[in-house]
Amino acid sequence: MSGIVVQLPQGSGGGADGEPGGAAVTLRLGPGEVARFGRGSSRTPVELRLADEAVSRLAGEIRVTDDHWQLTNHSTTQTYLVENPEGAGEYLRVSPRRAGAPIPFEFSRVVLPTRRGTTVSFQVFAPDHVYLDPPGAGGSWASRTVTAYSLDETATYFLVLVALCEPWLRDQSPVAVPTTPQIVERLRGHATGGRLTARAVSSHIDYLADEKLRIGVAAAAPETGAGGVPGPGDRRNGKRDAVVALALKFAVVREEHLALLPPRAEAGARGR
């Protein structure tokens with residue numbers, strides 16, 4: 001396991017006075033690293049600041065191990081939930097003062113209660129869940145082979161990948177990789193993908209490139225940009241191109257995966 005990615009949505013953070021605000025936060029943690037979350041203060045620094053008076057200054061911490069991540073609840077009164085957004089409603093309760101609770105989900109939402117009748121939450125991507133050869137392959141544990149690109153075909157990020165690759169799989173001779181708004185529109189009729197926003201699609205593409213397919217920044221970015229330096233837009237476009245190229249080259253996405261997408265609208269209906 002190469003590590004985890006933690007994402008705090010925009011507006012969930014805040015200053016020491018507890019007022020909501022702040023930009024989105026993304027943290028990358030490797031094995032052995034720790035990130036603390038809570039309301040925070042000048043005396044209690046936290047990596048993920050959650051703006052609500054019901055959240056402790058130091059509410060808890062995330063610790064990454066070699067093959068999973070753990071959640072510690074520092075609160076003496078509040079129970080936290082860890083949800084699996086892509087499952088069938090599965091969740092874990094992490095009781096007050098619980099230390100090092102192992103989290104099994106590949107994609108998790110950590111939810112804390114507040115006094116506003118709502119909740120505050122952040123997301124955790126736990127990449128590189130690996131799978132062994134099928135049963136009967138034989139050989140010792142040490143000699144078994146793991147999958148090079150370990151992707152869950154039921155996950156939302158895989159649905160986004162299929163939508164990115166669809167024009168090539170349908171042999172439409174595309175001139176460019178579909179844009180984020182086009183992916184949002186393409187998945188609109190899907191049971192789960194239909195709720196995706198542009199920001200969520202971009203997050204899934206980043207997750208695919210950085211964690212699941214492990215495309216390096218240099219490989220994902222164009223060689224040149226304005227003034228010879230690739231800008232943020234250039235890097236993102238290069239990353240999308242690299243994701244599609246690798247997925248098609250190694251048959252990570254194949255024609256049969258098109259069945260995961262919602263039916264396509266007819267050209268005439270789109271025109272009307």
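Each Lys or Arg adds one and each Asp or Glu subtracts one; over the other residues with Cβ under 15 Å from the Cβ of L48, this totals +3.
Shown is the FRET efficiency for T154 and T76, computed with R0 = 25 Å from the Cβ-Cβ distance and rounded to the nearest 0.05: 0.10.
Heavy-atom accessible area for T76, with the other protein chains in place and a 1.4 Å probe, reaches approximately 100 Å².
Computing FRET efficiency as 1/(1 + (r/R0)^6) for E185 and R116, where r is the C-beta to C-beta distance and R0 is 30 Å, gives about 0.35. Ordered by solvent-accessible area of protein heavy atoms (1.4 Å probe), largest first, the residues T180, T118 come out as T118, T180. Rounded to 0.05, the FRET efficiency of the H68 and V175 pair, given R0 = 51 Å and the Cβ-Cβ distance, is 0.75.
Local charge for E256 was computed over the other residues whose Cβ lies under 13 Å away, with Lys and Arg +1 and Asp and Glu -1, and equals -1.
The values are calculated or read from the model by the stated rules, or taken from the named source; none is laboratory data. Keep in mind it's a predicted model, so treat the numbers as computed, not measured. Quick reminder, even Gly has a Cβ in these numbers, built from the backbone with ideal geometry, and neighbours come from all protein chains shown. The protein model used for the area step is the full one, side chains on, heavy atoms only, and it has no ligands, DNA or RNA in it. Shrake-Rupley method; radii C 1.70, N 1.55, O 1.52, S 1.80 Å.
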